[in-house]
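The values are calculated or read from the model by the stated rules, or taken from the named source; none is laboratory data. Given the structure is predicted, the values throughout are model-derived calculations rather than measurements. Glycine also receives a Cβ, built like all others from the backbone with ideal geometry; neighbour counts cover every protein chain displayed. Accessible surface areas use protein heavy atoms only, side chains included; no ligands, DNA or RNA. Shrake-Rupley method; radii C 1.70, N 1.55, O 1.52, S 1.80 Å.
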Amino acid sequence: MSSTDSKGADALIGAVVDGKYRIESLLGRGGMGAVYRAVHVGTDRTVALKVIAGSFAGDPEYVERFRREARACGRLRHPGIVDVTDFGVASHDGRPLPYLVMEFLDGRSLADALRAEPTPPLPWVIDILEQVCAAVEEAHRHGILHRDLKPENVWLEPDRRGGVFVKVLDFGLAKLEGDEGAAGAQGAQGAKGARAAVEVDATFLSGTIATMASPGGSASSTGIAGTPAYMSPEQSRGEIATPRSDVYSLGVMAYRMVTGRLPFEGTPEEVITAQQQKEPPPMVSIRPDVHSDAAALVSL
């Protein structure tokens, strides 16, 4: 984000967006916008307000991402999916200001957790993956494909009992039922398979609500949607995503959480080629204490 955009974002603190949300503090910035702590003036409820900043605010592609995220989350009521309560386009300093309002969370992303502890205990890994799979299963049941599942889009919210609740975030790249190629009816079966794989092994910024993906990080102008390291081969080929595409991303996440590394590493181009043509190193060769049956189910 340019310095001009940064100043513009800071200028929002204290402003009342759309006559409804008083912005109190900046939680985090990313390539296309920022996330603020705000208060709904009618109810005094603390919320997270996500905005598109600068030149992106007038770009229909990014406004549509916000609208898509609002529609996707608006269809879903599940404890494992972030609750989006409002969407609109306000005006600030004579410029459009698209915004999205979400529940305020006070935790950290799975990506932050893995940076702090690259190979967490297996029972913890299983718990997190079970919760993510349950949320994805619910989305698939409603005909919604996430298409960008990765640790940055999984939020860990303390449950005040020493554990965490999982919240799946950022449905900006989601495919909704009715979009070309959507396959909602197959979704529940695919995510249940991912959950079964987890159950076999039973023997942007700390404190922010969401990750603001840079334009190049999650989608390209070629129509390919996703993040290369976690993207299914069919997505990287520009083909229509299916529920299996999300399940593939869940498999990559599982591999990363168990082994401490991604199945394929290198430049985005090298990773995409490897996903399409190679097999990853066996999980047990990196983490011998993983049960072979579980490793076989996670293998990509």
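So is ALA57 open to solvent by less than 20 Å² (accessible area, probe 1.4 Å) and under 19 Å from LEU26 (Cβ atoms) or not?
Judged against the criteria, ALA57 is a match.
Which of the residues belonging to the stretch 240-274 are among the hydrophobic types (A, V, I, L, M, F, W, C), closer than 20 Å to LEU122 by Cα and surrounded by fewer than 22 Cβ atoms within 10 Å (Cβ to Cβ)?
LEU262
Name the one entry in ALA139, ALA111, ALA116, ALA134 that is touching a Pro at 6+ places or on another chain (Cβ under 8 Å) and modelled with pLDDT of 90 or more.
ALA111
In the stretch 38-54, what residues are closer than 17 Å to ASP170 by Cα and either within 16 Å of the chain's Cα centre (by Cα) or surrounded by fewer than 20 Cβ atoms within 10 Å (Cβ to Cβ) (or both)?
Selection gives ALA48, LYS50.
Tally time: how many residues in the stretch 90-105 are at pLDDT 85 or above and surrounded by 15 or more Cβ atoms within 10 Å (Cβ to Cβ)?
Summing the residues that are at pLDDT 85 or above and surrounded by 15 or more Cβ atoms within 10 Å (Cβ to Cβ) in the stretch 90-105 gives 10.
Working only within the stretch 106-141, note down all residues that are outside any strand (DSSP E or B), under 19 Å from ARG161 (Cβ atoms) and open to solvent by 10 Å² or more (accessible area, probe 1.4 Å).
ASP106, GLY107, PRO121, PRO123, TRP124, ILE126, ASP127, GLU130, GLN131, ALA134
Under the condition of being in a helix (DSSP H, G or I) and open to solvent by less than 50 Å² (accessible area, probe 1.4 Å), which residue from the stretch 142-162 is nearest to ARG77 (Cα to Cα)?
Once the filter is applied, the top-ranked residue is ASN153.
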